[in-house]
Amino acid sequence: ESNKINFSILGRYDFTDYKQSDAPILNGMEDRDGGFWAGFKAEWQNSLVNLSAEYVTEVAGDSEGSAVNFALDRTWHFRRQFTFTPRLVVSLLDKKYVDYYYGVRANEVTANRAYYQGESAVNFEVGARGGYMFKQKHFVFLDVGVTSLAAEIKDSPLVDSSTENRVILGYIYRF
């Protein structure tokens, strides 16, 4: 029970998209759509730390990009209903992904926005999730994370920060 290997097929929608109207820097840019991603994941759960690797590719035909993610996490349980899970994630993003979301095409160049062709990149994320389970089927959680963006993304004229921050408040009902 403390040493399992799991394999899974996964699908998810990536909400990474933008329109010209989202920010002044995007005026004159073509819209970038989020996309449906599919792939597989392998996970080794053990008593020390959980290790996982996943490969996903965008299958809707927009970015046509792919990513490989490696993660380390560990969950601690307190008084049976509280959990705490810190994590470290390394994401390898291919050239198509970076160029689609962070690149500036020749027809999108302005006096304030230079041409930029994205290259493959490696991002690092540190985060944690805390949760509370009640009545055996209800789980609420708070997840926070900070991603350090690769130079290939930070160098884009569309990006003005070296990190992305995320806060998620969620609820899960177990059937």
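Of all the residues that make up region 1-19, how many are open to solvent by less than 100 Å² (accessible area, probe 1.4 Å) and among the hydrophobic types (A, V, I, L, M, F, W, C)?
Residues flagged as open to solvent by less than 100 Å² (accessible area, probe 1.4 Å) and among the hydrophobic types (A, V, I, L, M, F, W, C) within region 1-19 amount to 1.
State whether one or more residues within region 28-39 are open to solvent by 80 Å² or more (accessible area, probe 1.4 Å), more than 17 Å from Lys96 (Cα to Cα) and free of Cβ contacts under 8 Å to residues at least 60 places away in the same chain.
No, the conditions are met nowhere in region 28-39.
Restricting the search to region 63-82, which residues are surrounded by fewer than 18 Cβ atoms within 10 Å (Cβ to Cβ), assigned to a loop (DSSP other than H, G, I, E, B) and not hydroxyl-bearing (Ser, Thr, Tyr)?
Correct list: Glu64, Arg74, Arg79, Arg80, Gln81.
Kindly state which strands (runs of 3 or more DSSP E) lie completely within region 121-175 and contain at least 2 residues that are among the aliphatic types (A, V, I, L, M) and either surrounded by 14 or more Cβ atoms within 10 Å (Cβ to Cβ) or in contact (Cβ under 8 Å) with a residue 40 or more places away in the chain (or both).
Once the strands (runs of 3 or more DSSP E) in region 121-175 are filtered for at least 2 residues that are among the aliphatic types (A, V, I, L, M) and either surrounded by 14 or more Cβ atoms within 10 Å (Cβ to Cβ) or in contact (Cβ under 8 Å) with a residue 40 or more places away in the chain (or both), what remains is 121-134.
The values are calculated or read from the model by the stated rules, or taken from the named source; none is laboratory data. Being a predicted model, the structure only gives us computed values, none of them experimental. Positions of Cβ are generated from backbone atoms using ideal geometry, with glycine treated the same way; all protein chains shown enter the neighbour counts. These area figures cover heavy atoms from the full protein model, side chains too; ligands, DNA and RNA do not enter into them. Shrake-Rupley method; radii C 1.70, N 1.55, O 1.52, S 1.80 Å.
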